[in-house]
Every structure is written in structure tokens, then in C-alpha cells.
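Just so it is clear, none of the values below were taken in a lab; they were calculated from the coordinates. Small disclaimer: the values here were computed from a predicted structure and weren't measured. All Cβ positions, glycine included, derive from the backbone under ideal geometry; neighbour counts span all protein chains shown.
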Amino acid sequence: MSKIKHFEDLETWQLARELSLSIYRLTKTFPNEFELVSQMRRSALSVMDNIAEGFERGGKTEYIQFLYLAKGSCGELRSQLYSALDREHLSQEDFEQYRKRCIKISVKLSNMITQLKNSPHSGDKFK
């Protein structure tokens, strides 16, 4: 198994990036509800950004902390999707599609956290 050298190589970051762009495009169609649109975009962006920042910190403990932040932002986005559904900004079908994408990323983040917790490696900055 090869070592991942860049956060861009992480499948979870790639999925989060795709989700962020998709949320941006989705919210362009929403009526003038700045607060919800802004919050959804920031939550989606936060998922990918926290994965990247944690990776770049170079330490296992910090990386785990940032993965938990990313997971929290993913949950926040799921909650905001419910608000968008309740306000009839998206269909039930679209809601389910986005909800499933968020859950998939959350599960992958949980798996990454578990793998890191079980790893004896402390991080590159401790070499």
C-alpha cells in the first residue's frame, strides 16, 4: 500500500470537493434566502477544508481533530438539507441524493479516524 503524500489524493477529500461544488450549484437555484444558502455553502466547504488542513498539519492527533470537525460540518450540512427540503427548495429525491452523499462522506471520515487512532505512526512532524 502506498503512502498518500497529498490531501488531493484522498478519496474522501475528492468526494467532499465534489459535494461542495454540487451544493454551490444547487443553492444557486434557491430563492433569496441568503442565510440558508450561505450556511450550506460554508458547511460543504468546511468538510473539504478541514480534511486538507488536518492532513497538512503533519500530526496524527491534530489530523484526527480536523477529521472530527469535517464530520461535524457534514452533519451540519445534512441538517441544512432538511431545512431546504422543508422550505420546498429541493425535491424529496434530490434531498435523498444529497443526504446519502453526506452519509457516505461521514462514514469514510469515521473510518479514517479509526485507522489513524489504531496507527502507531504519530505523524510526519514527529520524525
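In the chain, the calculated helix contribution to ellipticity at 222 nm averages -26500 deg cm²/dmol per residue, counting -39,500 (n - 2.57) for every DSSP H run with n ≥ 4. Sites listed here are GluC sites (Glu not before Pro) in the stretch 7-56 whose DSSP assignment is loop and whose Cβ has at most 16 other Cβ atoms within 10 Å: Glu33. Think of the chain as having a plus end and a minus end, set by charges on the Cβ of Lys, Arg, Asp and Glu; of Ser22, Leu77, Thr12, Thr12 sits farthest toward the positive end of this dipole. Projected label points at Phe34 and Tyr68, each 7 Å from Cα along the beta carbon direction, are separated by 3.5 nanometres. Past 31 Å, Cα to Cα: identify those pairs from Lys3/Lys104; Lys5/Lys28; Lys3/Lys28; Lys28/Lys117, in the order given. Those over the limit are Lys5/Lys28; Lys3/Lys28; Lys28/Lys117.
Per-residue 3J(HN,Hα) values for the stretch 27-37, derived from phi via the Karplus relation 6.51 cos²θ - 1.76 cosθ + 1.60 with θ = phi - 60°, read 6, 5, 8, 6, x, 5, 10, 4, 4, 5, 4 Hz in sequence order (x marks Gly and Pro).
Dimensions of the stretch 10-118 based on its C-alpha atoms, expressed as ranges along the principal axes with the largest first, amount to 44, 22, 18 Å. To the nearest 10 degrees, how steep is helix 92-118 against the longest Cα principal axis of the chain, on a 0 to 90 scale? For 92-118 against the chain, the angle is about 10 degrees.
Listed values for the stretch 48-64 are Karplus-derived 3J(HN,Hα) couplings in whole Hz (6.51 cos²θ - 1.76 cosθ + 1.60, θ = phi - 60°), namely 5, 5, 5, 4, 5, 5, x, 4, 6, 5, x, x, 4, 4, 5, 4, 4, and x replaces Gly and Pro. For Leu109, neighbours were defined as the other residues whose beta-carbon sits under 12 Å from its Cβ, and their charges (Lys and Arg +1, Asp and Glu -1) total +2. Restriction of the trypsin sites (Lys or Arg not before Pro) in the stretch 53-120 to DSSP coil positions whose beta-carbon has at most 13 other beta-carbons within 10 angstrom yields Arg87. Please compute the net charge surrounding Asp49, taking Lys and Arg as +1 and Asp and Glu as -1 over other residues with Cβ under 11 Å from its Cβ. Once all neighbours under 11 Å are counted, the net charge is 0.
Within the stretch 9-41, the trypsin sites (Lys or Arg not before Pro) that combine a DSSP coil assignment with at most 15 other C-beta atoms in a 10 angstrom radius are Lys28.
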